[in-house]
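**Q** First the structure, then my questions, so here it is.
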Amino acid sequence: MVWLSGGMFAIACLMIVSLLAYVLWQGLWTLWPRTYSIYGRKDGTLVGGELYAKASLEGQDTLYLRTGNYDVSNQHFAYVSSSELVEPSGWLAPDLWLVERKEWGNLYGFPKQLSWSQADPEDFVRVVQQGMRQTAKIDRELGQAKNELKRIDEQIADARLGIRRVELAEKIDLQKAAETGSLEGLSPSAQKAVSNLGLRNRQADETMVEINARIAGLEAQRSERTLVFELPILDPLGTIAADWTDLRAGRLRDPTALAELLGTAKDSSELSFNAEPMGDGGLSEPGVEDQRLVCKVSIAGEPARRLMIRRLEDGRSSVEAFREHSILLADIVRFFPTNRLGIFQRLGVYASRWWEFLSGDPREAGMEGGFFPAIWGTVVMTIVMSLAVMPFGVLAALYMREYAKSGWLLSVIRISINNLAGVPSIVYGVFGLSFFCYIVGGYIDGGPIKAGFEPWPSAVWFSALGGLAIVGLIAFAISIFSGHAQSRRSPLRTVLSWSGGFLWLFTLGLIVWLLVKSPHFHGFYEAQLPNPTFGKGCLLWAALTLSLLTLPVVIVATEEALSAVPNSLREGSYACGAGKWQTIHRIVLPYARPGIITGFILAMARGAGEVAPMMLVGAIPLATELPLDGEFPFLHGSRSFMHLGFQIYSLGFQSQNSEAAKPMVFTATLLLLSIVTVLNQTAIWLRASLRKRFQSSQF
Amino acid sequence: MNRLKAIADGQTFESVIHQEVLDRDPVVSIRDFSLFYNRKQALYNITMPVAKGMVTALVGPSGCGKSTLLRSVNRMNDLIESVRIEGDMVLNGESIFAPSVDVIALRKRMGMVFQKPNPFPMSIFENVVYPLRIDGERDKTILMQVCEQSLRGAALWEEVKDRLSESGLSLSGGQQQRLCIARAIASDPEVLLLDEPCSALDPIATGKIEDLIDRLRGEYSILIVTHNMQQASRISDHTAFMYLGRLVEMAETSTIFTRPRLSETEDYVTGRFG
Ligand SMILES: Nc1ncnc2c1ncn2[C@@H]1O[C@H](COP(=O)(O)OP(=O)(O)OP(=O)(O)O)[C@@H](O)[C@H]1O
Ligand SMILES: [Mg+2]
């Protein structure tokens with residue numbers, strides 16, 4: 001038995017540790033800048049890549065390479081069987097650059113030429129960095145201009161909304177008037193709305209031309225500067241007859257043939273040729289010495305070209321060119337000669353990638369770049385959630401533990417709450433969608449009709465309102481009366497308190513029903529319809545749904561904390577003449593605070609990691625706006641948002657290129673895991689340290 | 001012995017209260033007071049005075065209802081739902097159990113110290129001035145004045161005057177109990193109720209508390225429950241002997257311990273029984 005249970009324990013530990021280690025390893029390793037090797041295939045082609053993993057597929061060693069250069073090769077990653085390769089170790093070309101771009105992912109290649117500078121290749125790093133600073137400025141200005149355009153659009157949309165509001169309020173059609181701008185026969189408010197739209201349109205016409213011109217100018221500047229790279233992809237040029245030993249030594253006796261192949265130099269004497277050592281080699285088959293050579297050919301007045309010369313059986317040599325590819329300077333996010341970096345430079349790149357990951361916007365549908373909006377969305381949603389669940393949970397627990405008389409009803413409620421914690425979270429998602437988004441959200445947007453209720457006729461509604469007033473008055477009177485009769489324990493008092501409570505409940509229900517059945521309320525966002533404002537998944541409903549989900553956690557933790565308060569403290573307080581609320585507020589709550597806070601943090605951890613309901617009630621894969629930003633009113637409850645957990649799901653399993661997104665998925669997983677772990681650890685630490693503080697050091 | 005047996009058999013009998021006790025001016029007088037936990041009766045028709053400015057000790061075997069009686073004086077038993085009472089008590093001429101009594105105001109007129117020290121999880125200062133705080137007192141000078149006065153009264157001032165902002169829980173058990181006494185006298189109560197205040201303390205701390213009670217005599221009227229006969233004889237002016245929910249005999253302490261009227265009392269206080 002001891003072996004069995006011990007073995008199970010070991011297996012459980014192993015599973016947990018290996019899961020953590022796997023996520024940690026993958027998550028930390030993803031952003032590390034690796035070296036880029038170029039491998040020779042037996043069929044003569046090349047394949048280059050950062051080595052992400054080595055695996056054994058169908059009995060063959062297989063390399064999992066990040067090849068990059070998606071715009072040319074149509075792939076980000078490739079599996080290469082080592083039996084295809086002439087040698088399993090590749091060539092670490094020292095002057096190869098890794099360029100992270102805003103579009104198309106990474107580019108790996110040899111910088112050949114800069115459109116704006118005649119600098120020496122040795123100086124490229126400095127010149128390109130300088131250039132990037134200038135383009136960053138252009139990009140900023142461009143962003144500003146686009147923002148101005150957006151603001152003009154918003155103003156026009158606002159003016160249109162104004163007209164729609166007047167239309168709804170006055171039940172008229174202003175379509176014609178808005179088009180022609182004529183104000184004849186319109187009410188003052190309609191006139192105002194129409195002329196406002198006219199004014200906005202005129203302003204837009206004036207400024208738009210200027211802004212568009214500015215944007216065009218900036219775009220032109222942006223596309224002015226380009227870089228030409230030579231990619232590790234070969235295009236055959238032809239064959240030449242040359243002595244291999246000469247070639248190896250960097251000599252070419254008769255350059256005309258090569259010049260002809262290149263099709264550039266008229267006078268082959270201007271052709272200078274030199275063979276470049278290939279580092280560790282790796283492109284030649286073992287045993288066959290120097291089968292391939294990488295050469296640089298410079299022609300006077302032009303940048304050097306990189307060629308691959310391969311020795312053929314018949315003594316001739318084939319010549320292949322590295323394919324050229326040009327990119328915009330403005331598209332570069334980050335670049336570095338990846339094979340030449342020292343450990344500290346590599347650490348620098350690693351840090352800057354993490355920084356971008358934590359603080360930057362996503363690029364390429366989230367596969368590259370940052371997770372900031374997702375992190376921010378998760379954090380804001382969690383905070384709003386805890387603000388909602390905090391008062392609710394604590395007050396409910398306080399009532400159950402301190403005020404309610406214990407009895408079967410309370411036990412049933414307590415058991416139900418405990419069971420609520422076990423309800424699958426997707427159920428909450430469905431509830432949130434159908435209740436919060438469609439019913440409550442629809443009601444806020446467009447009144448009872450939008451929420452799917454049939455309003456009462458006006459007369460019925462007003463008589464119900466009268467009824468409500470009467471019932472409310474009776475309930476009020478009864479509770480005042482039974483409050484006075486407090487010191488007596490009589491059956492009358494029991495009846496009174498029961499019926500008073502019942503009447504209050506009834507009043508509350510009636511208020512809700514009157515709201516639902518009102519014929520006079522048409523929503524706060526009627527003008528925006530049919531575009532929903534709150535009648536869809538958004539931050540507010542997501543937070544409320546999650547607060548329902550975490551309510552049991554908070555209630556249970558708070559109850560536990562309250563019941564841990566020694567009764568002798570309560571008695572001591574009462575003996576001093578404190579009332580119930582004073583005792584709770586001055587003694588019980590402070591003593592229970594660590595436990596309550598712990599409950600909260602656990603609830604936050606639970607809420608932050610929850611994905612299933614998020615998919616239904618407001619998380620989206622790519623949001624252009626943040627739920628909390630510097631724009632009035634700062635917190636935008638009606639916005640959809642990005643969520644870390646949802647991001648993992650949508651990137652890893654829903655994107656077109658989920659294979660390519662996998663590394664990012666691991667990094668995001670690591671991040672989510674660490675957020676949740678940090679929250680949990682804080683809870684544990686807080687509980688321990690505060691408990692110590694409250695422990696008496698008796699005797 | 002027969003009388004105690006008769007009580008156990010449920011027969012009625014008259015408590016013996018010596019005239020010297022009745023002659024005193026009472027701060028609390030208990031009048032024909034009975035108390036029930038649900039069906040179970042815990043106190044039977046108790047009638048006894050608590051003399052003003054004196055220390056009255058309640059003694060008796062475990063479970064005889066001493067704590068119950070003490071907790072009835074400031075109506076702490078109201079917190080227990082199953083409790084039902086008959087009879088009444090009077091505090092300085094005012095009824096304690098009349099329906100119109102404001103329990104909160106009533107409790108403010110008494111101080112209570114429990115068996116186990118129960119300082120609140122706050123600073124020493126806040127512990128002492130708690131009764132004033134709940135009355136909404138904000139004036140720092142008044143609070144400080146009361147704090148010093150009460151701590152001096154509880155013979156704790158010298159030990160804690162430099163660490164008033166430290167947690168009340170950082171004190172030793174004996175200090176904690178004196179802190180609780182300081183808290184109990186902070187509101188200048190008309191009567192001080194002590195429920196075995198020394199039973200959780202070592203002899204030295206017990207000695208200090210006894211000295212303290214001795215000093216408080218005269219200034220405060222004290223009703224104290226104790227299990228320790230020596231303690232009762234050392235510190236109290238009057239002693240009441242209870243048995244199974246009834247008051248058996250009450251007299252000046254010296255009388256109870258030297259020449260009680262009932263032989264049962266003599267048996268109990270000399271340790272031959274109980
Ligand atoms: N909350 C309660 N509910 C029901 N019965 C109680 C309760 N508290 C006390 N009793 C009963 O009332 C009787 C008197 O109890 P009480 O605590 O007053 O005794 P005591 O004289 O203080 O004993 P001790 O010297 O052990 O403290 C006991 O029989 C006890 O079982
Ligand atoms: Mg007791």
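**Q** What helices (runs of 4 or more DSSP H), lying completely within region B:121-178, carry at least 3 residues that are closer than 19 Å to residue B:213 by Cα?
**A** Values: elements: B:124-128, B:130-133, B:140-153, B:157-160.
The qualifying helices (runs of 4 or more DSSP H) are B:140-153, B:157-160.
**Q** State the number of residues belonging to region B:2-25 that are open to solvent by less than 50 Å² (accessible area, probe 1.4 Å) and touching a residue at least 24 places away in the same chain (Cβ under 8 Å).
**A** Final tally of qualifying residues: 7.
**Q** Something else now. Is region A:428-449 home to any residue that is exposed (fewer than 15 other Cβ atoms within 10 Å of the Cβ), in a helix (DSSP H, G or I) and among the small types (Gly, Ala, Ser)?
**A** Filtering region A:428-449 down to residues exposed (fewer than 15 other Cβ atoms within 10 Å of the Cβ) leaves A:434.
So of that shortlist, the ones also in a helix (DSSP H, G or I) come out as A:434.
So of that shortlist, the ones also among the small types (Gly, Ala, Ser) come out as A:434.
Within region A:428-449, one or more residues are exposed (fewer than 15 other Cβ atoms within 10 Å of the Cβ), in a helix (DSSP H, G or I) and among the small types (Gly, Ala, Ser).
**Q** Name every residue in region B:43-64 that is farther than 14 Å from residue B:30 by Cα and touching a helix residue (DSSP H, G or I) at 6+ places or on another chain (Cβ under 7 Å), in order of residue number. It would help to see each step written out before you state the result.
**A** So in region B:43-64, the residues farther than 14 Å from residue B:30 by Cα come out as B:53-55, B:57, B:59-64.
Result: B:55, B:57, B:59, B:60.
**Q** Which of the residues that make up region A:227-265 are surrounded by fewer than 16 Cβ atoms within 10 Å (Cβ to Cβ) and either among the hydroxyl-bearing types (Ser, Thr, Tyr) or within 30 Å of residue A:137 (Cα to Cα) (or both)?
**A** Of everything in region A:227-265, those that are surrounded by fewer than 16 Cβ atoms within 10 Å (Cβ to Cβ) and either among the hydroxyl-bearing types (Ser, Thr, Tyr) or within 30 Å of residue A:137 (Cα to Cα) (or both) turn out to be A:245, A:256, A:264.
**Q** Inside region B:69-78, can you point out the residues that are within 14 Å of chain A (Cβ to nearest Cβ) and within 16 Å of ligand 2 (Cβ to nearest atom)?
**A** Step one: filter region B:69-78 for residues within 14 Å of chain A (Cβ to nearest Cβ), giving B:70-78.
If the condition is that a residue be within 14 Å of chain A (Cβ to nearest Cβ) and within 16 Å of ligand 2 (Cβ to nearest atom), then B:70, B:71, B:72, B:73, B:74, B:76, B:77 are the ones that fit.
**Q** Considering every residue within region A:24-35, establish whether at least one is under 32 Å from the mean Cα position of the chain (by Cα), farther than 24 Å from residue A:351 by Cβ and not in a loop (DSSP other than H, G, I, E, B). Walk me through it before giving the result.
**A** Here is the first cut: in region A:24-35, the ones under 32 Å from the mean Cα position of the chain (by Cα) are A:24-35.
Subsequent filtering for residues that are farther than 24 Å from residue A:351 by Cβ retains none.
Within region A:24-35, not a single residue is under 32 Å from the mean Cα position of the chain (by Cα), farther than 24 Å from residue A:351 by Cβ and not in a loop (DSSP other than H, G, I, E, B).
**Q** Any residue at all in region B:207-216 that is more than 16 Å from ligand 2 (Cβ to nearest atom), hydrophobic (A, V, I, L, M, F, W, C) and not in a helix (DSSP H, G or I)? Before you say what the answer is, go through the steps one by one.
**A** The initial filter retains those residues of region B:207-216 that are more than 16 Å from ligand 2 (Cβ to nearest atom), namely B:207-216.
After this cut, where a residue has to be hydrophobic (A, V, I, L, M, F, W, C) as well, the list is B:209, B:212-213, B:216.
Now narrow it down to the ones that are not in a helix (DSSP H, G or I): none.
No, region B:207-216 has no match at all.
**Q** Same structure, new question: Only one of these is of a type outside the set (Gly, Ala, Ser) and exposed (fewer than 15 other Cβ atoms within 10 Å of the Cβ): A:341, A:398, A:347. Name it.
**A** Matching residue, one of A:341, A:398, A:347: A:347.
**Q** Being closer than 22 Å to residue A:320 by Cα and surrounded by 13 or more Cβ atoms within 10 Å (Cβ to Cβ) narrows it down to one of A:101, A:41, A:66, A:34, so name that one.
**A** A:41
**Q** Of everything in region A:500-517, what is modelled with pLDDT of 85 or more and surrounded by 15 or more Cβ atoms within 10 Å (Cβ to Cβ)? Give them in sequence order. Don't jump to the end; show me each part of the working.
**A** To start, the set of residues in region A:500-517 that are modelled with pLDDT of 85 or more comprises A:502-517.
Matches in region A:500-517: A:503, A:504, A:506, A:507, A:510, A:514, A:516, A:517.
Rundown of residues vs (1) within 16 Å of ligand 1 (Cβ to nearest atom); (2) of a type in the set (D, E, K, R); (3) open to solvent by 60 Å² or more (accessible area, probe 1.4 Å); (4) without any contact (Cβ under 8 Å) to a residue 24 or more places away in the chain, yes/no style:
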position: B:197; (1), (2), (3), (4): yes, no, no, no
position: B:203; (1), (2), (3), (4): no, no, yes, yes
position: B:210; (1), (2), (3), (4): no, yes, no, no
position: B:222; (1), (2), (3), (4): no, no, no, no
position: B:231; (1), (2), (3), (4): yes, no, no, no
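**Q** Across region B:32-67, what is the total count of residues that are within 29 Å of residue B:231 (Cα to Cα) and either basic (Lys, Arg) or within 14 Å of chain A (Cβ to nearest Cβ) (or both)?
**A** Total meeting the criteria: 3.
**Q** Related question: Having 2 or more residues that are open to solvent by 10 Å² or more (accessible area, probe 1.4 Å) and near ligand 1 (Cβ under 9 Å from one of its atoms) is the bar; report the strands (runs of 3 or more DSSP E) wholly within region B:29-95 that clear it.
**A** Numbers: elements: B:40-51, B:55-59, B:83-91.
Per the criteria, B:40-51.
**Q** Between residues in region A:215-228 that are of a type in the set (Val, Ile, Thr) and residues that are surrounded by fewer than 17 Cβ atoms within 10 Å (Cβ to Cβ), which pairs lie under 6 Å by C-beta distance while being six or more apart or on different chains?
**A** Close Cβ pairs (under 6 Å, with a partner that is surrounded by fewer than 17 Cβ atoms within 10 Å (Cβ to Cβ)) amount to A:226/A:115; A:226/A:326; A:228/A:326.
**Q** Restrict the check to region B:118-132 and report whether at least one residue is more than 19 Å from residue B:32 (Cα to Cα) and within 16 Å of ligand 2 (Cβ to nearest atom). Lay out the reasoning, then the answer.
**A** So the first thing to find is which residues in region B:118-132 are more than 19 Å from residue B:32 (Cα to Cα), and the list is B:118-132.
The next check asks that each one be within 16 Å of ligand 2 (Cβ to nearest atom); those that pass are B:118.
Within region B:118-132 (the criterion being more than 19 Å from residue B:32 (Cα to Cα) and within 16 Å of ligand 2 (Cβ to nearest atom)), the answer is yes, since at least one residue qualifies.
The values are calculated or read from the model by the stated rules, or taken from the named source; none is laboratory data. Predicted, not measured: the structure shown is a model, and the values here were computed from it. For neighbour counting, all protein chains shown are included, and Cβ atoms are generated from backbone atoms with ideal geometry for every residue, glycine included. Remember, those area values only see protein heavy atoms, side chains included, never the ligands or the DNA or RNA. Shrake-Rupley method; radii C 1.70, N 1.55, O 1.52, S 1.80 Å.
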